[in-house]
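Trainee: Handing you a structure now.
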Amino acid sequence: MPALSVTFWGVRGSIACPGPDTMRYGGNTPCLEIRVGGRLLILDAGTGLRRLGAKLDRHGVIDADLLFSHTHFDHICGLPFFSSIYNPANNFRLWAGHLLPDHTLREIVSELMRDPFFPVPMANLAAARELNDFRAGMPLDLGRGLVVRTAALNHPNGATGYRIEHAGKSICYVTDTEHVPGTRDKAVLELVRDADLLVYDCTYGDAQFAARVGWGHSTWEEGIRLCEDANVHRLAIFHHDPTNDDARMDEIAAAAEEMRPGTVVAMEGMTLVP
């Protein structure tokens with residue numbers, strides 16, 4: 001097994017969109033499985049988390065950290081359907097960097113799983129041993145020598161970007177962030193500088209962006225510009241607009257490959273090794 005890898009279980013933004021027109025790229029909302037030096041990190045708890053849980057349940061006791069970019073519904077709605085977190089033999093530590101001082105992660109998860117929104121209360125999440133809050137921009141110490149760098153992102157209600165490093169390789173996860181045309185976000189630029197792989201919010205294209213300023217998302221062209229300026233080796237286009245069917249994603253993939261060869265469009269089930 002590689003020292004560092006990422007597998008995509010959900011790649012879609014805003015709302016799940018399963019159907020015949022999204023089968024190849026996938027219709028589930030964000031969830032990534034990161035394997036780092038024998039440890040498991042899960043990034044976000046969108047609808048893709050359900051299928052990840054089914055896989056994990058087949059492989060014995062699980063010890064993992066679940067890191068939220070933020071807690072908008074598309075990034076948390078898979079948590080109540082994550083079978084692995086109900087098993088008391090497992091151990092999960094949950095983390096969020098955008099909620100303080102007004103909210104806590106425990107408060108948000110409790111509300112998500114409260115009557116009348118969901119019939120199973122948070123108390124039933126037997127493996128959720130810790131629910132931790134931190135402040136984005138500070139290093140996140142996950143213990144046993146694993147420290148993850150973080151950055152605050154430009155998104156309504158806040159969001160957190162992550163940089164995971166191991167054995168000389170690095171993966172950055174920067175989703176649900178809005179850029180300012182003509183300039184780079186300094187916090188994002190420093191977070192992703194010289195990274196091997198950047199998974200980036202490419203919800204729109206530049207041609208769509210002007211009509212969506214303030215929505216909290218970026219473009220695939222901006223992802224390429226960011227990679228050029230920050231010397232990132234490879235870009236993974238992520239958080240696909242739910243209105244983009246497979247044919248449209250093929251068009252984006254071709255245009256991105258022409259602009260920056262090696263750019264990949266994230267697909268459910270895809271594993272990348274930086």
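Trainee: Would you confirm whether any residue within the stretch 24-44 is part of a loop (DSSP other than H, G, I, E, B), surrounded by fewer than 18 Cβ atoms within 10 Å (Cβ to Cβ) and touching a residue at least 40 places away in the same chain (Cβ under 8 Å)?
Mentor: Yes, the stretch 24-44 has at least one match.
Trainee: A further question on this structure: Go through the stretch 109-128 and give me each residue that's part of a loop (DSSP other than H, G, I, E, B), touching a helix residue (DSSP H, G or I) at 6+ places or on another chain (Cβ under 7 Å) and free of Cβ contacts under 8 Å to residues at least 40 places away in the same chain.
Mentor: Matches in the stretch 109-128: 113, 118.
Trainee: Still on this structure, please answer the following. Within the stretch 173-180, is there a residue that is surrounded by fewer than 20 Cβ atoms within 10 Å (Cβ to Cβ) and either touching a residue at least 60 places away in the same chain (Cβ under 8 Å) or farther than 17 Å from residue 156 by Cα (or both)?
Mentor: no
Trainee: Looking at (1) in a strand (DSSP E or B); (2) under 17 Å from residue 242 (Cα atoms), which is the only condition residue 65 fails?
Mentor: (2) is the only condition that residue 65 fails.
Trainee: Of all helices (runs of 4 or more DSSP H) completely enclosed by the stretch 185-265, which ones contain at least 1 residues that are touching a strand residue (DSSP E or B) at 6+ places or on another chain (Cβ under 9 Å) and either free of Cβ contacts under 8 Å to residues at least 24 places away in the same chain or among the hydroxyl-bearing types (Ser, Thr, Tyr) (or both)?
Mentor: Output list reads 206-209, 246-259.
Trainee: On to the next question. I'm trying to understand the selection: among the residues of the stretch 83-100, which are surrounded by fewer than 23 Cβ atoms within 10 Å (Cβ to Cβ) and outside any helix (DSSP H, G or I)?
Mentor: Listed by number, the residues that qualify are 87, 88, 89, 90, 91, 92, 93, 95, 99, 100.
Trainee: For residues in the stretch 223-245 being touching a helix residue (DSSP H, G or I) at 6+ places or on another chain (Cβ under 7 Å) and closer than 20 Å to residue 12 by Cβ, which is surrounded by the fewest Cβ atoms within 10 Å (Cβ to Cβ)?
Mentor: Out of the qualifying residues, it is 237.
Trainee: Take residue 49 and decide whether it is on the phi < 0 side of the Ramachandran plot, touching a Phe, Trp or Tyr at 6+ places or on another chain (Cβ under 6 Å) and either modelled with pLDDT of 95 or more or in a helix (DSSP H, G or I) (or both).
Mentor: Considered against the rule, which asks whether it is on the phi < 0 side of the Ramachandran plot, touching a Phe, Trp or Tyr at 6+ places or on another chain (Cβ under 6 Å) and either modelled with pLDDT of 95 or more or in a helix (DSSP H, G or I) (or both), residue 49 comes out as yes.
Trainee: Which condition breaks for residue 200 when tested against (1) crowded, with 18+ Cβ neighbours inside 10 Å; (2) farther than 21 Å from residue 16 by Cα; (3) out of contact with any Ser or Thr (no Cβ under 6 Å at 6 or more places or on another chain)?
Mentor: Single failed check for residue 200: (2).
Trainee: Is it the case, given these coordinates, that residue 150 is buried (at least 16 other Cβ atoms within 10 Å of the Cβ), assigned to a loop (DSSP other than H, G, I, E, B) and of a type outside the set (A, V, I, L, M, F, W, C)?
Mentor: It is false that residue 150 is buried (at least 16 other Cβ atoms within 10 Å of the Cβ), assigned to a loop (DSSP other than H, G, I, E, B) and of a type outside the set (A, V, I, L, M, F, W, C).
Trainee: If you don't mind, there's one more thing I want to ask. For the list (1) assigned to a loop (DSSP other than H, G, I, E, B); (2) farther than 21 Å from residue 108 by Cβ; (3) among the small types (Gly, Ala, Ser), I need the number of the one condition that residue 137 fails.
Mentor: (2)
Trainee: Let me ask something else about it. If we keep just the residues of the stretch 246-265 that are in contact with a Cys (Cβ under 9 Å, 6 or more places away or on another chain) and either surrounded by fewer than 17 Cβ atoms within 10 Å (Cβ to Cβ) or not hydroxyl-bearing (Ser, Thr, Tyr) (or both), which is nearest to residue 26 (Cα to Cα)? Walk me through it before giving the result.
Mentor: Initial filter on the stretch 246-265 (in contact with a Cys (Cβ under 9 Å, 6 or more places away or on another chain)): 252, 256, 260, 263, 265.
Now drop any that are not either surrounded by fewer than 17 Cβ atoms within 10 Å (Cβ to Cβ) or not hydroxyl-bearing (Ser, Thr, Tyr) (or both), which leaves 252, 256, 260, 265.
Values: 252: 15, 256: 19, 260: 23, 265: 11 Å.
Filtering the stretch 246-265 for residues that are in contact with a Cys (Cβ under 9 Å, 6 or more places away or on another chain) and either surrounded by fewer than 17 Cβ atoms within 10 Å (Cβ to Cβ) or not hydroxyl-bearing (Ser, Thr, Tyr) (or both), the one nearest to residue 26 (Cα to Cα) comes out as 265.
Trainee: Separate question: Do the conditions hold for residue 268, that is, is it in contact with a Gly (Cβ under 7 Å, 6 or more places away or on another chain), under 24 Å from residue 68 (Cβ atoms), among the acidic types (Asp, Glu) and crowded, with 22+ Cβ neighbours inside 10 Å?
Mentor: Answer is no for this residue.
Trainee: If the requirement is being within 18 Å of residue 41 (Cα to Cα) and surrounded by fewer than 16 Cβ atoms within 10 Å (Cβ to Cβ), which of these qualifies: 167, 127? Steps first, answer last, please.
Mentor: Values: 127 fails: surrounded by fewer than 16 Cβ atoms within 10 Å (Cβ to Cβ).
From the options 167, 127, the qualifying one is 167.
The values are calculated or read from the model by the stated rules, or taken from the named source; none is laboratory data. Because the structure is predicted, anything quoted here is derived from the model rather than measured. A quick note on method: Cβ atoms are made from the backbone with ideal geometry, for glycine too, and the neighbour counts reach across all protein chains shown.
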